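All remarks here apply to the structure that follows.
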Amino acid sequence: MAKVTIKDLAKITGYSKSTVSCALNNKEGVGEESRKEIIRIAKEMGYTPNYFARRISSKDYRTIGVILRDLTNPFYANVFCAIDKLAEENDYETIFYNLAGDSRRTQCGIDLMKEKMVSGIILDFFGYDKNIVKSLVESSIPSVIFGLNVDADISCVQTDDTTGAREAVDYGIRMGYKNIFYIGRNRGDIFDMRRADTVRKRLQDCGMPYAHCLIYPPSKEEIAGLILKKCPENSLLICYNDIWACSVIQGLMKVRKYVPRDYSVIGFDNIEVIPYGLTTVDIPQYRMAEEAFRLLLAQIEHNGKTKKVTLDSRLIVRDSVKDLTGGDAEVFSRP
């Protein structure tokens with residue numbers, strides 16, 4: 001259902017748009033009976049005042065709301081810093097809300113941004129929530145979904161990490177691996193699900209074992225034990241992200257198994273601070289942040305149309321995958 005506007009109310013009530021606006025904003029120049037009539041009809045039609053457009057048009061408040069899943073992850077810390085820098089360069093401030101790994105906090109974050117009457121929102125999703133997307137679309141707030149493309153009239157910026165996941169599997173096969181596993185973190189995370197499904201399908205397409213290739217350790221402390229139980233030595237472990245890959249490497253070290261001597265590891269994200277020569281799928285975090293801010297700014301300042309932007313991922317080869325076809329690799333994960 002289309003949002004009711006002042007123009008609609010003027011047409012139905014027979015009053016001018018300026019009169020309707022004055023009545024709804026409790027300004028002078030409107031008779032008491034006329035004011036009551038306009039307000040009554042507005043309520044019956046479900047009119048919601050566009051506070052955000054009003055605030056933006058007055059040029060007295062320029063703030064971007066940023067809602068990200070976990071600031072303890074350097075990937076999202078980098079994303080926020082990039083957005084914050086771009087906001088400052090364009091005379092905007094930022095308000096940040098950390099989901100702290102809890103998807104249930106998403107609506108709380110959006111409500112906070114509404115209370116602060118931000119000019120626009122950049123929102124990161126754990127997964128597709130149609131109710132939240134619907135509420136954003138129906139609101140007056142310019143918004144961009146970060147990391148995910150949704151089937152709705154809202155701008156989105158994502159990376160095609162399925163390409164990188166397929167490259168990871170293909171690289172492992174070229175390096176001679178007969179056992180390739182995906183080490184996931186959270187089955188409810190849409191990115192985890194997408195990467196896991198891509199690995200499984202690619203193994204299937206290549207005629208590789210895939211029936212038990214998806215492994216989800218209950219905790220960091222149980223990673224090594226589960227890997228030793230399910231994955232023979234000289235297996236390739238493709239991990240949900242670089243942080244999880246580090247947990248895998250550290251867990252194996254505690255049981256005197258080392259990368260890439262005993263197991264090989266590939267991550268996702270290409271985080272700069274990882275203390276290993278980790279082969280990883282590059283997710284262009286800075287470009288994603290820039291695109292998200294650019295799309296949001298276009299909506300805020302120029303009433304820009306919604307757009308869907310998808311960036312490419314690619315495999316970055318370093319030292320965490322041993323060549324089983326005859327090449328040698330030194331142990332880099334030894335303490």
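Miscellaneous remarks
- Leading residue by the ranking (nearest to residue 208 (Cα to Cα)) among those in the stretch 162-176 that are crowded, with 22+ Cβ neighbours inside 10 Å and not hydrophobic (A, V, I, L, M, F, W, C): 172
- Residues of the stretch 120-146 satisfying the condition of being farther than 23 Å from residue 191 by Cα and either of a type in the set (Val, Ile, Thr) or buried (at least 22 other Cβ atoms within 10 Å of the Cβ) (or both): 120, 141, 142
- In this structure, residue 161 qualifies as closer than 30 Å to residue 322 by Cβ and either outside the structural domain of residue 206 (by TED's automatic domain parsing) or within 13 Å of the chain's Cα centre (by Cα) (or both).
- Residue in the stretch 226-238 that is aliphatic (A, V, I, L, M), surrounded by fewer than 19 Cβ atoms within 10 Å (Cβ to Cβ) and touching a helix residue (DSSP H, G or I) at 6+ places or on another chain (Cβ under 6 Å) present: no
- Restricting the stretch 49-84 to residues that are modelled with pLDDT of 70 or more and either in a loop (DSSP other than H, G, I, E, B) or at positive phi (or both), the residue that is farthest from the chain's Cα centre (by Cα) is 62.
The values are calculated or read from the model by the stated rules, or taken from the named source; none is laboratory data. Note that the structure is a prediction, hence the values are computed from the model and not measured. For neighbour counting, all protein chains shown are included, and Cβ atoms are generated from backbone atoms with ideal geometry for every residue, glycine included.
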